[in-house]
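Reviewing the structure listed below.
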Amino acid sequence: MRQQYRFCSPRKILRPVLPVLLFALSFSLLAPPQTFGQNPAAVSLKTFHPNLELSDPAIEARVEELINKMTIEEKVGQLVQYSAGQPTGPGTGRTDYADMLAKGEIGGLFNIVTAKETNAFQHIAVERSRLHIPILFGLDVIHGFRTEFPIPLGISATWDPQLAERAARVAAREASATGIRWTFSPMLDLSRDPRWGRVAEGEGEDPFLVSAFARAFVRGYQGRRLNSAESILACAKHYVGYGAAEAGRDYNSTEISEHTLREYYLPPFRAAVDVGVGSIMSAFNSLNGVPASANAFTLKKILRQEWGFQGIVDSDWTSVGELMNHGIATDGATAARKAFQGGVDMDMVSSLYHDHLAHLVRLGAVSEADLNEDVRHVLRVKFALGLFENPYVDERKESLAMLLPEAVALSRDVAEHSFVLLKNDLLSKGSPLLPLSDDVKSVALIGPLADDANQMLGSWGALGNGRDVTTLHSALVKRLGDSRVHFAKGSEISTATDAQIKAAVDAAKNSEVAILALGENGPEMTGEAASRTHLDLPGRQEQLLEAVAATGKPVILIVFSGRPLILPWAVEHVPSILAAWFPGIQAGPALVRTLFGETSPTGKLSMTWPRSVGQIPIYYNALNTGRPTVQNDATPFPNGHDEKFVSRYLDESNLPQFPFGFGLTYTTLRYGATELNKSDLRIDWLKEGLTNTSSSAPTPLQASANITNTGSRAATETVQLYVRIEGTSVSEPVRSLRGFQQITIAPGETKRVVFSVQSEAFAFWNDQNVFGVEPARVTIWVAPDSASGTPAQVEIRNKAN
Ligand code: BGC
């Protein structure tokens, strides 16, 4: 099911927005191409969906009418936002929200989570303030509201944006029932460094994949119409470059060239804007020396002028105040002025707009026209959400919206699709350990994550409640009965006693097979302010794993984590490893169905899985360098100059443990050679393809491969299309994802997978920072992951050639 934006009468709408449309259209080719081919989530890149609700002339008229009545203080009030519930950052210490609301001094509140409370605050704003402007309530609804889904990194491992869209829709329905009409999601920061805890909140390292999920999340949250009572405003965050925090330390500085910004970090945000995201959050980090929350280049030039964004730019939590820590302001008034002039509309929590902005306008330090423009962004959204017509929610219906059976079923489905089978070796009997048979005599279930309900919610659990979670332990007992499950916790997450480890070893000795549920502390060690330098299993879990494996019993390791962990011993010695992320409320049933083969794993990594911390940052779409290793696996000490003076480590392979895009299933697949239907492409045709927005534009190239299921079980496979472009004005990566599609293949069956490769697949940001195509040699792979597949080549030639 594809969401469509409903278009109003084109005549009515086009006149005022035509300049914006034309302007935006001319930039609509900036984002990378979406999924090609048969994937039902495919949306043509050229489908341009400006948010017409944010440029509706009827709304604009109401906005202007209201602005004309507002005092400077009331205008500033619309730009002020506070947390009035459980804090998610350092607080302001304010408690006088009721008073401020009555005076029209607040535009938005967040972290309030019940209908009773949102209604209570809304009554004050609507009934007691002079202009009766409703409040916009927000919350970090990151991977579900009450029905918790897997963490976003897990959702992205599904490689199925439609699942993300449906999950976001469920979250929107539940959150809106409490009066929350704004979520600070999706996080679209590229994640190349797993030391950074927030990789758990994003969709991985690849701009193409993150963009596909960006569109899906925005569509899911915002629905067909923002003014549906069940729609919530999405917020693409953290704009921009936050994921490149140096050394993976949260909030750290970033240095990103304009080329790298445009080619890798910006496209997911552009994708969100293209499908009408209503808000953007400015990030904490400094970007090339200018804090992202005062960065006119990214917030004004790119976001507003180039992309025509019409919604709200919200600061991150106190990021306006933090301009002083960054050192670009030495007092609050200057910080407020710089954030405001840099393009931040709303000041989240720091209170500096409240304290200084009106005075700055009166002094003439900032213009009232600019103030009006920022207020317009906020009011426009409030009108579009229908808040003026329907400011309250029905408290009696709130609980009825939560945990509907279809929502819970979807949560299980998403979880099942998010698991990535990293390893499933054949045992001595000749078959792999997974899937388990129902005839298994007994299972030792070991580990701190086996029966900890709250952990399954990961970080940013919103209203997720451990009571709603079915753990692996309870699901396994349900399946096998109490007597066949020998449960021994074996360890806490960060500590263990010898007695705990011994009990686990005993449980394994008494069982046919051992399942170890190990990993990180979801709420504490993943997400915000959760950077780590040691990415191994915390505490004594590695020791526990090795002790259990030493019993000689076959071991299945389930890794619960918000990032790839460094597990070299396990990868060498443990026969079956499943990355489960933090799967949400249906963790247990989803895992048990997967373990027993009722469903087969289909997930693929959306982030490269490193071998050692020293390799980080590591990502598949890297540049080749001038001295690439001839053979990537340069583990042996270099033998002679040719092996030494290359881009390598002396003590570690360049290869990751598992590459981006990798994931096994319970069958085996054989990929045939990549075939192209042409060997030459004319550059003028490609150029035309970039600007021709009609869907009937001819497809420049078809890339295909035969894929055969050589095993005995059906498989759903995510087939990936990669390109390498050489001979161009800038270095392009050794591979870039340009498409993916999911197919199901029966045992013994061969399917031909065809990608229609559009012009955008050959385009990139050149040495002048212009997006386009150049004469080039292009290598193409139709592959199961970013490290395999057979190459095929095509030349892009000038017309004259
Ligand atoms: C985080 C944001 C979040 C905000 C509001 C900040 O600390 O960086 O991602 O949306 O708090 O909770």
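The values are calculated or read from the model by the stated rules, or taken from the named source; none is laboratory data. Since the model is a prediction, treat every value here as computed from it, not as a measurement. Neighbour counts are summed over all protein chains in view; Cβ atoms, including those assigned to glycine, are modelled from backbone coordinates with ideal geometry. Side chains are part of the model used for accessible areas, which takes the heavy atoms of the whole protein and leaves out ligands, DNA and RNA. Shrake-Rupley method; radii C 1.70, N 1.55, O 1.52, S 1.80 Å.
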Compute the Kirkwood hydrodynamic radius of the range 616-768, taking the inverse of the mean of 1/r over all pairs of distinct Cα atoms, and give it in Å to one decimal. 18.5 Å
In whole percent, the Cα-Cα distances of the range 339-409 spread across 10 Å bins from 0 upward as 15, 31, 23, 17, 11, 2
Order of exposure, largest accessible area first, which applies to Lys489, Lys382 with probe 1.4 Å: Lys489, Lys382
Can you list the residues, at least 5 places off or on another chain, whose amide H is less than 5 Å from the amide H of Lys489, using H built in the peptide plane? Gly447
Per the Kirkwood formula on distinct C-alpha pairs, the Rh of the range 684-801 is how many angstrom? 15.6 Å
For the chain, take the convex hull of the Cα atoms, compute a quarter of its surface area, and give me that in nm², please. 34.7 nm²
With the cut-off at 24 Å, tell me which of the pairs Lys489/Lys553; Lys301/Lys799; Lys423/Lys604; Lys429/Lys478 have Cα atoms farther apart than that. Lys301/Lys799; Lys429/Lys478
Dipole magnitude of the range 228-309 about its Cα centre, charges +1 at Lys/Arg Cβ and -1 at Asp/Glu Cβ only, in debye to the nearest 20? 200 debye
Report, by chain and number, residues whose modeled amide H sits under 5 Å from the one on Leu681, excluding near sequence neighbours (fewer than 5 apart, same chain). Glu795, Ile796, Arg797
Rounded to the nearest 10 Å², the accessible area of Ser788 at probe 1.4 Å: 40 Å²
What list of ³J(HN,Hα) couplings, whole Hz, do you get for the range 72-85 from phi and the Karplus terms 6.51, -1.76, 1.60, once you set θ to phi - 60° and write x for glycine and proline? 4, 5, 5, 5, 4, x, 5, 9, 10, 9, 10, 8, 10, x
Surrounding charge for Ala453, neighbours by C-beta under 13 angstrom, Lys/Arg +1, Asp/Glu -1, total -3
Straight-line reach from Lys644: which lysines have Cα under 17 Å away, leaving out those fewer than 8 places along the same chain? none
Net charge, Leu190 excluded, C-beta distance under 10 Å - Lys, Arg +1, Asp, Glu -1: -4
Provide the per-residue ³J(HN,Hα) series for the range 431-447, in order, calculated from phi with Karplus coefficients 6.51, -1.76, 1.60 and θ = phi - 60°, each as a whole number of Hz, with x at glycine and proline positions. 10, x, 5, 9, x, 6, 8, 5, 7, 3, 6, 7, 10, 8, 9, 10, x
In the range 701-783, which trypsin sites (Lys or Arg not before Pro) are in a loop and have at most 13 other Cβ atoms within 10 Å, using DSSP for the loop call? none
In nm², the average projected area of the convex hull spanned by the Cα atoms of the range 76-177 is 7.5 nm²
Per residue, how big is the convex hull of the range 202-348 when only Cα atoms are used? Give it in Å³. 105 Å³
What ranking, highest mean first, results for peptides 203-214, 755-766 when packing means the other Cβ atoms within 10 Å averaged over each residue? 203-214, 755-766
Once you keep just the Cα pairs under 8 angstrom separated by 6 or more residues, what percentage relative contact order results for the range 388-496? 25 percent
Once the in-chain neighbours fewer than 8 apart are removed, the aspartates and glutamates whose Cα is under 15 Å from Lys502 read Glu492, Glu542, Glu546
With a Cα-only, solvent-free Debye model of the range 497-586, what are the log10 I(q)/I(0) values at q = 0.12, 0.17 Å⁻¹? -0.38, -0.74
Straight-line reach only, C-alpha to C-alpha below 20 angstrom: list the lysines that Lys69 could link to, leaving out same-chain residues fewer than 8 apart. Lys103, Lys382
For the chain, what does -39500 (n - 2.57) per DSSP helix run (n ≥ 4), summed and divided by total residues, give at 222 nm, in deg cm²/dmol to the nearest 500? -8000 deg cm²/dmol
Taking amide H positions as placed in the peptide plane 1.01 Å from N, state which residues far from Asp140 in sequence (5 or more) or on other chains have amide H under 5 Å from it. Asn111, Phe184
